[in-house]
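Working notes for the structure below.
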Amino acid sequence: MPDATVHRYRHPGSSKRTARVTNRGRQVDDTARAEVRALLGDRPRDRDLLIEHLHLIQDRYRHISAAHLAALAEEMRIPMAEAYEVATFYAHFDVVKEGETPPPPLTVRVCDSLTCEMMGAKALLDELPGRLGAKVRVVRAPCMGRCHSAPVAEVGHRHVVDADADRVAAVVEAGDHEPECPAYVDYDQYVEGGGYRLLRDCLDGKRSADELIELMQASGLRGLGGAGFPAGQKWRFVRNEPKPRLMTINADEGEPGTFKDRYYMESDPHRCLEGMLVAGWAVEATDVYFYLRDEYPGVRKVLLDEIARVEAAGLDRATRIHLRRGAGAYICGEEGAMMESIEGKRGLPRNRPPFPTQVGLFGRPTLVHNVETVYWVRDIVEKGADWFTGHGRNGRTGLRSFSVSGRVKAPGVKLAPAGITVRELIDEYCGGMADGHAFKGYLPGGASGGILPASLGDVPLDFDTLADHDCFIGSAAIIVLSDRDNARDAALNLMRFFEDESCGQCTPCRVGTEKAVKLMSRPAWDGPLLRELSAAMLDASICGLGQAAPNPLLMVLKHFPEDLR
């Protein structure tokens, strides 16, 4: 709350000074105060819930007014400046200053990330404003995790896949803008299939943590969010740290081309939840924070319902579950930025060391896992480490969930052996190339992983196998390019994405991505200058965003010189 101060003033026509006590700084509007209190109800006013409370205002009023922001800051007893800097950091909060006109009540977002751009997003963005009129705001948006059905638009909270102007207009006119919940394996169905038996055994003392950690290590399961750190080793590191310990689930898969985690959360959420709770039990985490990207409103509805059933069954008695909602910031997929966001702050990456296993969320030792990583826990424990390592090709072991989009006949999530090549993936799992398209190149790891030509289509896809080509698999997001696509245009699209999503904390990334976009937009690329700029970004950026942003442009310079002419 702002500090109170005494103002002394004279009434007109009087020599007597009168004392008046008011708050220093912005005065809180009584109506806004009452509205914010009504929205929060009996919810805690804890500092780490700032983003959750901002969502309440945004959802109710479709924007966040200066009056509501000041009232929320007062209610949570935090400085107005702190509330403002957090609210303006995230793309999904529409902060309206005093005197500004609020946005229209309905917003239509059109994804302009690479696959959607390939499938016609630019034309859709050009057509929709005139088609929908001034009462609807149309904005470009980054990847929505539905690349297999591009182009994609979001009307309010309802997604329109394979979108064109007619489909979007029909949803706008229908008036139902709430998210759709897909069909999925619910709690009863999951339990009927043997679900939560493993967790109950753990809670009842029939399993030991050391036994499970050894199984995880024997399976070779690695973090499937992109970093690839051995899961069992991470469990052991966290378990060896002092209590209390915490856990987070990173469900903020914002990498263009990635949608596998959404698929697993939508189709079999309890397999993810059980794996999460087993891991939390193994490291004796008192609480787990499930950080879900805001672009997945349907998944959020599913998780709210199903987590409530887990809690009702008493399965959270060892590890309490907190579902936290992102607010439109790709950078929060980086684990340090994610933890800052969970704490109710701007999503700025943290310097390392210390690592999260030692000093993580709220300063406690923290186990950080991706959705797909915990998805495999139950199968590995029940079927054995040998079952998991029994899969693989080309000398690699394990299974990988590939998010495949672009110029193939059957895009989607493809569960395939680790080490499969992109040619094998296209031919055996995707029905081949789309009609009339010839294989030209591919992105092996989404926006960050680089771009490789078709001549390198026989390189095994797995952790570390692409390093010799200055690329990496990351979250296994495969975007397939054809002879109708220009690699230069693809790299420029990706760099614009990085420019938009840079958190701005470090100069090499903040300025470097902006400068790269300008240089790449010129009729002719200045190769030496772009390489020099890339070296500065690679060497000096704080986190992986700035370090990986130059990868696509460097690959175009190396492998696609014909597209630069």
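In segment 228-255, the residues that are of a type in the set (Ser, Thr, Tyr) form Cβ pairs under 9 Å with partners that are in a helix (DSSP H, G or I), at six or more places apart or across chains, as follows: THR248/GLU335; THR248/MET338; THR248/MET339; THR248/ILE342; THR248/LEU361.
GLU117 falls short on exactly one of the conditions (1) within 26 Å of the chain's Cα centre (by Cα); (2) of a type in the set (D, E, K, R); (3) outside any helix (DSSP H, G or I), and that condition is (3).
Here is the figure for segment 50-100: residues that are in contact with a helix residue (DSSP H, G or I) (Cβ under 8 Å, 6 or more places away or on another chain) and not in a strand (DSSP E or B) total 32. Tallying residues that are closer than 21 Å to LEU224 by Cβ and either of a type in the set (Val, Ile, Thr) or modelled with pLDDT under 95 (or both) within segment 335-355 yields 2.
Scanning segment 294-306 for residues that are out of contact with any Leu (no Cβ under 7 Å at 6 or more places or on another chain) and open to solvent by 10 Å² or more (accessible area, probe 1.4 Å) yields ASP294, GLU295, PRO297, LYS301, ASP305. Counting only residues that are closer than 27 Å to GLY257 by Cβ and open to solvent by less than 30 Å² (accessible area, probe 1.4 Å), segment 121-145 holds 7 of them. Inside segment 376-399, can you point out the residues that are closer than 11 Å to LEU198 by Cβ and either of a type in the set (Val, Ile, Thr) or at pLDDT below 95 (or both)? The answer is VAL377, ILE380, VAL381.
Across segment 67-99, which residue is farthest from the chain's Cα centre (by Cα) among those that are among the hydroxyl-bearing types (Ser, Thr, Tyr) and surrounded by fewer than 19 Cβ atoms within 10 Å (Cβ to Cβ)? Only one residue tops the list, namely TYR84. Tell me which residues, restricted to segment 393-405, are touching a residue at least 40 places away in the same chain (Cβ under 8 Å) and open to solvent by 10 Å² or more (accessible area, probe 1.4 Å). Hits for segment 393-405 are ARG393, ASN394, GLY395, ARG396, THR397, ARG400. Regarding THR373, is this residue under 23 Å from the mean Cα position of the chain (by Cα), farther than 30 Å from VAL191 by Cβ, modelled with pLDDT of 95 or more and among the β-branched types (Val, Ile, Thr)? So THR373 does not fit the description; no. Would you check which residues across segment 191-211 are within 30 Å of the chain's Cα centre (by Cα) and among the hydroxyl-bearing types (Ser, Thr, Tyr) and list them? The answer is TYR196, and nothing else.
Here are some residues: PRO256, PRO242. Which one is open to solvent by less than 10 Å² (accessible area, probe 1.4 Å), more than 19 Å from ILE342 (Cα to Cα) and not hydrophobic (A, V, I, L, M, F, W, C)? If you could, list the steps in order and put the result at the bottom.
Working: PRO242 fails: open to solvent by less than 10 Å² (accessible area, probe 1.4 Å).
The conditions single out PRO256.
When residues in segment 100-114 are screened for being farther than 9 Å from ARG137 by Cβ and open to solvent by less than 20 Å² (accessible area, probe 1.4 Å), 4 of them pass. Could you list, in sequence order, all residues of segment 438-455 that are over 21 Å from ARG396 (Cα atoms), part of a strand (DSSP E or B) and out of contact with any Asp or Glu (no Cβ under 9 Å at 6 or more places or on another chain)? Selection gives PRO453 alone. State which residue is nearest to the chain's Cα centre (by Cα) when the search covers only segment 406-437 and only residues that are surrounded by fewer than 16 Cβ atoms within 10 Å (Cβ to Cβ) and not in a loop (DSSP other than H, G, I, E, B). This residue is LEU415. In the list ILE57, ILE64, which residue meets the criterion of being surrounded by 15 or more Cβ atoms within 10 Å (Cβ to Cβ) and touching a His at 6+ places or on another chain (Cβ under 9 Å)? Of the residues listed, the single one that is surrounded by 15 or more Cβ atoms within 10 Å (Cβ to Cβ) and touching a His at 6+ places or on another chain (Cβ under 9 Å) is ILE57.
When the residues of segment 475-489 are narrowed to those that are within 30 Å of THR373 (Cα to Cα) and in contact with a Phe, Trp or Tyr (Cβ under 9 Å, 6 or more places away or on another chain), which ends up surrounded by the fewest Cβ atoms within 10 Å (Cβ to Cβ)? Taking the candidates together, the pick is LEU481.
What do you reckon, is VAL283 touching a Lys or Arg at 6+ places or on another chain (Cβ under 6 Å), open to solvent by less than 10 Å² (accessible area, probe 1.4 Å) and among the β-branched types (Val, Ile, Thr)? The answer is yes for VAL283. Annotation: of all residues in segment 142-185 being free of Cβ contacts under 8 Å to residues at least 40 places away in the same chain, in contact with a strand residue (DSSP E or B) (Cβ under 7 Å, 6 or more places away or on another chain) and among the aliphatic types (A, V, I, L, M), the one that is nearest to ARG309 (Cα to Cα) is VAL160.
Does segment 88-97 contain at least one residue that is farther than 26 Å from GLY504 by Cβ and small (Gly, Ala, Ser)? No, segment 88-97 contains no residue that is farther than 26 Å from GLY504 by Cβ and small (Gly, Ala, Ser).
Just one of the listed residues (PHE362, PHE355) is in a loop (DSSP other than H, G, I, E, B), aromatic (Phe, Trp, Tyr) and either open to solvent by 40 Å² or more (accessible area, probe 1.4 Å) or touching a residue at least 40 places away in the same chain (Cβ under 8 Å) (or both), namely PHE355.
Could you list, in sequence order, the residues of segment 461-474 that are farther than 17 Å from ARG400 by Cα and either in a loop (DSSP other than H, G, I, E, B) or open to solvent by less than 10 Å² (accessible area, probe 1.4 Å) (or both)? I'd like the intermediate steps shown before the answer.
Going through segment 461-474, the residues farther than 17 Å from ARG400 by Cα turn out to be 467-471.
Scanning segment 461-474 gives ASP470, CYS471.
Residues in segment 192-232 that are open to solvent by 70 Å² or more (accessible area, probe 1.4 Å) and of a type outside the set (Lys, Arg): GLU192, ASP204, ASP210, GLU214, GLN217, ALA227, PHE229. For segment 371-383, the set of residues classified as open to solvent by 20 Å² or more (accessible area, probe 1.4 Å) and of a type outside the set (Ser, Thr, Tyr) consists of GLU382, LYS383, listed by residue number.
The values are calculated or read from the model by the stated rules, or taken from the named source; none is laboratory data. Values in this document were obtained by computation on a predicted structure and should not be read as measured data. We place every Cβ from the backbone using ideal geometry, glycine too, and count neighbours over all the protein chains shown. For the accessible areas, the whole protein counts, side chains as well, though only heavy atoms, and no ligand, DNA or RNA atoms are used. Shrake-Rupley method; radii C 1.70, N 1.55, O 1.52, S 1.80 Å.
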